[in-house]
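To start, the structure under review is shown below, and the notes come after it.
The values are calculated or read from the model by the stated rules, or taken from the named source; none is laboratory data. This one's a predicted model, so the numbers in the text were calculated from it and none came from an experiment. Quick reminder, even Gly has a Cβ in these numbers, built from the backbone with ideal geometry, and neighbours come from all protein chains shown. With ligands, DNA and RNA removed, areas are computed over all heavy atoms of the protein, side chains included. Shrake-Rupley method; radii C 1.70, N 1.55, O 1.52, S 1.80 Å.
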Amino acid sequence: MGKVERIVFLSLVLDLFAFTIPLPLFPRIIEWYTVREISDPNGLLSRTLRFVSAVRGIFYKPLQNSQRWDVVFLGGLMGSAFSICSTLQFLVSPHIGSLSDTYGRRNVLLITMIGNILSALVWIQSTTFASYMLSRIIGGLSEGNVQLATAILSDISTPRNRSKALAHVGIAFAICFCIGPPIGAYFASRPVPLFVGALQMELNVYAVPALLTLVLLIAETLFLTVALPETRNTQPDKPAVHVNEKSNAAPAVRSVQERTEILRVLRKLHFLFLGIFSGVEFTLTFLTFDLFDWNNKQNGALIGSIGIISALLQGGYVRRVISKVGEGKMAQRGVSSCALGLVFLTILPHFVSTQPKIAVGLLRAAAVCLAFTSATVVSSLTAHASLQCDEGFDKDTGKPAAVYPELAKGKALGEFRSSGQLGRAIGPLLACASYWTFGPSVTYGVSAIAMLTLSASMKTVAVLPGKSS
């Protein structure tokens with residue numbers, strides 16, 4: 001791993017550690033706000049819950065635990081609000097990418113960190129549901145770290161080692177899903193430090209995890225300021241030749257039109273996959289909350305186990321195999337694994353009351369499948385998209401050759417990421433709406449069919465490296 005790769009990887013670990021800390025806390029956060037604000041009929045939470053209950057009543061009337069169904073859907077709204085503002089990444093990501101093409105990756109990355117820090121500060125003091133939602137929105141609007149890290153790693157890698165370089169993003173995700181949720185759950189029960197309590201401010205019930213998030217983000221910002229060089233217009237150490245390591249055959253040279261079409265297909269796949277997967281991912285802790293009555297610690301352990309398995313797969317399988325099977329094929333395998341996991345989740349509710357051990361076993365099997373999906377799909381699709389953006393360098397001057405605007409790394413990868421973020425915005429809302437309307441079995445069953453269909457449609461990108469698609 002080169003110097004810049006190490007810097008990017010460590011910064012991603014800090015950033016994604018901060019991102020994953022609140023993941024197991026969502027159900028209990030909503031309950032806390034419900035108890036705190038339910039007596040205020042004019043509060044945002046009361047009005048939102050009345051709206052949710054009214055809409056649910058039109059389509060579905062659960063026989064029991066109606067309030068829990070409403071909490072599940074409200075959680076989807078919260079997750080969707082964060083993702084929508086992350087996907088003003090649907091609108092903002094291409095502009096962030098274009099700005100990084102013009103002003104440099106480092107400068108734009110440091111600016112986005114300011115918003116992330118502000119988001120954590122608001123969370124610490126968010127004693128109302130409205131202020132908590134504001135913190136999520138600020139964080140979503142400021143989220144450019146992963147996108148710019150991808151562009152930086154693309155700047156410093158050749159097409160031949162691009163997939164291995166970008167695998168660091170997936171490994172960072174996996175590591176942080178191992179440590180972030182359990183640590184978030186642990187610190188959720190810890191008292192506020194005395195020096196903070198001495199300020200005599202009213203704080204969020206989970207102010208300690210929020211403080212930890214703030215410390216991590218500040219540390220990341222300082223680290224990037226000191227250590228990260230500018231990588232825009234950097235020529236990789238080796239010639240940018242993408243060689244099939246299995247056959248040593250040079251790839252077919254694609255035209256601009258072909259590469260643009262491949263990017264369009266990849267954006268569509270990214271949107272559809274994350275639209276389904278993010279809904280499953282977000283409702284998983286609500287499933288355990290609803291059917292098993294799990295607490296923060298148990299939810300943190302579940303998410304952490306997914307992260308551990310994903311990290312092992314990233315380092316021990318994906319990095320070694322992807323050059324042999326190709327980015328598209330690896331992504332297709334991950335989508336198929338997700339479909340299998342969804343089948344397990346579909347049949348799980350039927351065993352909760354009668355055979356709870358089998359139900360827990362099915363949940364664990366689904367977690368393994370989802371871990372494989374997390375390790376493979378997004379990183380592989382991102383690497384495939386990045387390979388379409390290589391502009392090359394002039395042999396005489398060593399400067400970047402003339403590029404087509406639509407294939408400039410920052411802009412093209414920004415558009416690719418924005419399509420996925422749009423899926424992340426829609427997915428939690430649709431999944432949670434389906435969950436309380438039709439129940440978990442129907443929700444996950446339909447999602448499994450959708451994933452199988454998506455896997456079958458990936459034949460055009462599931463080709464060996466160097467072969468025409």
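At a glance:
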read-out	value
Computed label-point distance, nm, for sites Tyr103 and Ala198 using a 7 Å Cα→Cβ extension	3.9 nm
Fraction of accessible area attributable to carbon and sulfur, segment 96-135 (%, probe 1.4 Å)	72 percent
Within-11-Å neighbourhood charge of Ser119 [Cβ basis; K, R +1; D, E -1]	0
Stretchable slack from Glu258 to Leu10, in nm (0.36 nm times residue separation minus alpha-carbon distance)	85.7 nm
Whole-number accessible area per residue in Å² for segment 294-397, which is evaluated in the context of all protein chains at 1.4 Å	40 Å²
Relative packing of peptides 380-386, 275-281, 309-315 - highest average C-beta neighbours within 10 Å first	380-386, 275-281, 309-315
Extension gain (nm, one decimal) between Leu110 and Ser189, 0.36 nm per residue minus Cα-Cα	25.2 nm
Unsatisfied cross-links (Cα-Cα over 31 Å) in the set Lys3/Lys297; Lys297/Lys411; Lys324/Lys411; Lys329/Lys409; Lys164/Lys357; Lys164/Lys459	Lys3/Lys297; Lys297/Lys411; Lys164/Lys357
Distance in nm between pseudo-label sites at Arg50 and Gln235 (7 Å out along the Cβ direction from Cα)	6.7 nm
Solvent-accessible heavy-atom area per residue, rounded to whole Å², over segment 189-240 at 1.4 Å	61 Å²
Residue-span extension gain [Gln355 to Glu406] - 0.36 nm each, minus C-alpha spacing	12.9 nm
Highest to lowest packing among 257-270, 179-192, 156-169, scored as the average C-beta count within 10 Å	156-169, 179-192, 257-270
Modelled FRET efficiency - R0 45 Å, Val226 with Thr460, Cβ distances, 0.05 increments	0.50
Where labels lie 7 Å past Cα in the beta-carbon direction, separation of Val215 and Lys297 in nm	2.1 nm
